[in-house]
Amino acid sequence: MRYHTRKIVKPEDLNPNNTLFGGRVLEWIDEEAALYSVIQLENKRVVTKFMSEINFVSSAVQGDIVEIGMDVVKFGKSSLILKCEVRNKLTRKTIIKVENITMVNLGPDGKPAPHGKTEIEFVKDRLNQQSS
Ligand SMILES: CC(C)(COP(=O)(O)OP(=O)(O)OC[C@H]1O[C@@H](n2cnc3c(N)ncnc32)[C@H](O)[C@@H]1OP(=O)(O)O)[C@@H](O)C(=O)NCCC(=O)NCCS
């Protein structure tokens, strides 16, 4: 699991119980999954198709720093299946885990299109390949 993104919990991220609002966490997860997929698949036209069961294990309060981790479960033909964990950066306590987030690669016509990828790639390796 790679943790690229960190967020600080602000007043506007809280629910009436003064803990982190679940909808905000889902928004962060969806954005992170989209970013991750666009970079991996090298295509901006990637949409969220499916998210498996979500289970908020613990919460966070104002001022906490949370980090969002992503990993690849499977490269499909047009799909990319990811899993995600959001945790408290300092305590490492899990806030939520999502075991299956299915993203779909689209062509210019908006229909699913093969992405041709089979493994995780790193931008630095792509840049090295371009310059050699
Ligand atoms: C994404 C979308 C184009 C897929 O269309 P579709 O007709 O279901 O596509 P297909 O049946 O050809 O399946 C495409 C891929 O999605 C996968 N898929 C389809 N339905 C799925 C489901 N319910 N759960 C998980 N994966 C699914 C298929 O297995 C396939 O993967 P593969 O190519 O790696 O084998 C269409 O459902 C859509 O536009 N949905 C709305 C997306 C959206 O607006 N998201 C929110 C905003 S980003």
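The values are calculated or read from the model by the stated rules, or taken from the named source; none is laboratory data. A quick note: this is a predicted structure, and the numbers were derived from the prediction, not measured. Neighbour counts are summed over all protein chains in view; Cβ atoms, including those assigned to glycine, are modelled from backbone coordinates with ideal geometry.
Within the option set Lys117, Lys77, being within 9 Å of the ligand (Cβ to nearest atom), surrounded by fewer than 18 Cβ atoms within 10 Å (Cβ to Cβ), at pLDDT 95 or above and not polar (S, T, N, Q) holds for one residue only, Lys77.
Would you pick out the residues in the range 119-128 that are closer than 17 Å to Ala33 by Cα and not acidic (Asp, Glu)? Across the range 119-128, the qualifying residues are Ile120, Phe122, Val123. Taken together, the criteria exclude Gln129 from residues that are away from the ligand (no atom under 13 Å from the Cβ) and in contact with a Pro (Cβ under 7 Å, 6 or more places away or on another chain). Scan the range 40-65 residue by residue and report those that are among the aliphatic types (A, V, I, L, M) and within 16 Å of the ligand (Cβ to nearest atom). Correct list: Leu41, Val46, Val47, Met51, Ile54. Only one entry in Leu80, Leu90, Leu127 is of a type in the set (A, V, I, L, M) and either part of a helix (DSSP H, G or I) or over 27 Å from Arg6 (Cβ atoms) (or both), namely Leu127. Only one entry in Glu99, Glu27 is within 16 Å of the ligand (Cβ to nearest atom), touching a Cys at 6+ places or on another chain (Cβ under 9 Å) and at pLDDT 95 or above, namely Glu99.
Contact map, the range 114-125: first residue under 12 Å from Glu42 (Cα atoms) and among the charged types (D, E, K, R), second residue within 16 Å of the ligand (Cβ to nearest atom) and outside any loop (DSSP other than H, G, I, E, B), Cβ cut-off under 7 Å, separation 6 or more or different chains; pairs are Lys117/Gln40; Lys117/Leu41; Lys117/Phe75; Glu121/Gln40. Whenever a residue of the range 89-102 is under 16 Å from Val57 (Cα atoms), its partners that are assigned to a loop (DSSP other than H, G, I, E, B) and not β-branched (Val, Ile, Thr), lying with C-beta atoms within less than 7 angstrom and at least six residues away or across chains, give the pairs Lys93/Ser58; Thr94/Ser58; Ile95/Ser58; Ile95/Ser59; Ile95/Ala60; Val98/Ser52; Glu99/Ser52. Considering the conditions (1) more than 16 Å from the ligand (Cβ to nearest atom); (2) surrounded by 16 or more Cβ atoms within 10 Å (Cβ to Cβ); (3) touching a residue at least 60 places away in the same chain (Cβ under 8 Å); (4) aliphatic (A, V, I, L, M), Leu106 is excluded by exactly one of them, (1).
Scan the range 30-72 residue by residue and report those that are surrounded by fewer than 16 Cβ atoms within 10 Å (Cβ to Cβ), assigned to a strand (DSSP E or B) and more than 11 Å from the chain's Cα centre (by Cα). Val47, Lys49, Phe50, Asn55, Phe56, Ile65, listed by residue number.
Restricting attention to the range 80-98 and to residues that are over 17 Å from Trp28 (Cβ atoms) and not β-branched (Val, Ile, Thr), the residue that is surrounded by the most Cβ atoms within 10 Å (Cβ to Cβ) turns out to be Leu80.
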